[in-house]
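Heads up, the thing below is written out as structure tokens.
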Amino acid sequence: MLNWIKHHKLKLVIAILLIGVCSVVAVTYLTDWELADLKDWISYWTDEIRTWPAILFFLIVVLLPLVGFPISPLFIIAGIRFGVTLAIPFSMAALTVNLIIAYWISTKLLHRLIQRIARRWNYSIPKASQKNASRWVFVVRISGAPLAVQNYILGIAHVPFWPYLYVSLAVQSVFVVGTIIFGESFVSGNMGKALLGLGLLVVAFLAVSYFRKRYAQAKPGPADTAGG
């Protein structure tokens, strides 16, 4: 089942979007709700989100994904709160801080705990080598695992910090931009720009699918297997 999900992730995303649209249509036509009611509801929450203090929302984007909260909805909310132009640098800055904190947690706190457990079982935690670090990060980032899981895997493997950071940001930036453009434009009713954001996301998912298949039978490279 998990393998099927990995190989059909793009189809699942498109299907979920279609189900969402159909659900809105069904609610509109099969209940007492009218389209105006839906617009009023969206408008209410849009106005509410725009009152949130920027520093509070920054902390939300930084901290919630550390415990496994999905980050994509936060990017959409950022687009609503700040608009596309400001939301993109805002989200990238928050994502950068999130990645740095996650790296520190996984290399300093989690690594020591897991290392102790591994030693009891006479197992040595492998370390990614400097030579293959960028490839390790890229392969993990396109794995489809939740962001927090990706971060902690890379930290526990002691991937060097700078490849961890710049490759992560490069991969995530496409999804950040696409998600913000799609979410903010969809909520504001700009369907042309929403389709642009959706198209960017589809291209990103296709690229991820291509590289995932390419690396399916290959390993990221030899690791230094000395425990750290």
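The values are calculated or read from the model by the stated rules, or taken from the named source; none is laboratory data. Since we're looking at a predicted model, the values are computed, not measured. Cβ sites come from the backbone with ideal geometry, for glycine too, and all protein chains shown count toward neighbours.
Annotations
- Where a residue in region 188-200 is closer than 13 Å to GLY83 by Cα and its partner, wherever it lies, is surrounded by 15 or more Cβ atoms within 10 Å (Cβ to Cβ) and among the β-branched types (Val, Ile, Thr), with Cβ under 7 Å and at least six apart: LYS193/ILE181
- Breaking point among (1) modelled with pLDDT under 90; (2) of a type outside the set (Phe, Trp, Tyr); (3) in a helix (DSSP H, G or I); (4) under 18 Å from the mean Cα position of the chain (by Cα), for SER143: (3)
- Any hit, region 113-133, residues being exposed (fewer than 15 other Cβ atoms within 10 Å of the Cβ), under 15 Å from the mean Cα position of the chain (by Cα) and not in a helix (DSSP H, G or I): no
- Residues of region 157-187 satisfying the condition of being closer than 30 Å to ASP47 by Cα, touching a residue at least 24 places away in the same chain (Cβ under 8 Å) and more than 19 Å from the chain's Cα centre (by Cα): SER185, VAL187
- Close pairs (8 angstrom Cβ cut-off, 6 or more residues apart or separate chains): free of Cβ contacts under 8 Å to residues at least 12 places away in the same chain and under 10 Å from VAL167 (Cβ atoms) in region 125-154, surrounded by fewer than 18 Cβ atoms within 10 Å (Cβ to Cβ) and among the aliphatic types (A, V, I, L, M) anywhere: none
- Qualifying residue in region 52-67 (condition: over 19 Å from GLY144 (Cα atoms) and in contact (Cβ under 8 Å) with a residue 40 or more places away in the chain): no
- Filtered residue count, region 66-83, keeping only those that are buried (at least 18 other Cβ atoms within 10 Å of the Cβ) and more than 19 Å from GLU48 (Cβ to Cβ): 1
- Among the residues of region 36-70, those that are over 30 Å from ILE105 (Cβ atoms) and either modelled with pLDDT of 80 or more or not in a helix (DSSP H, G or I) (or both) comprise ARG50, THR51.
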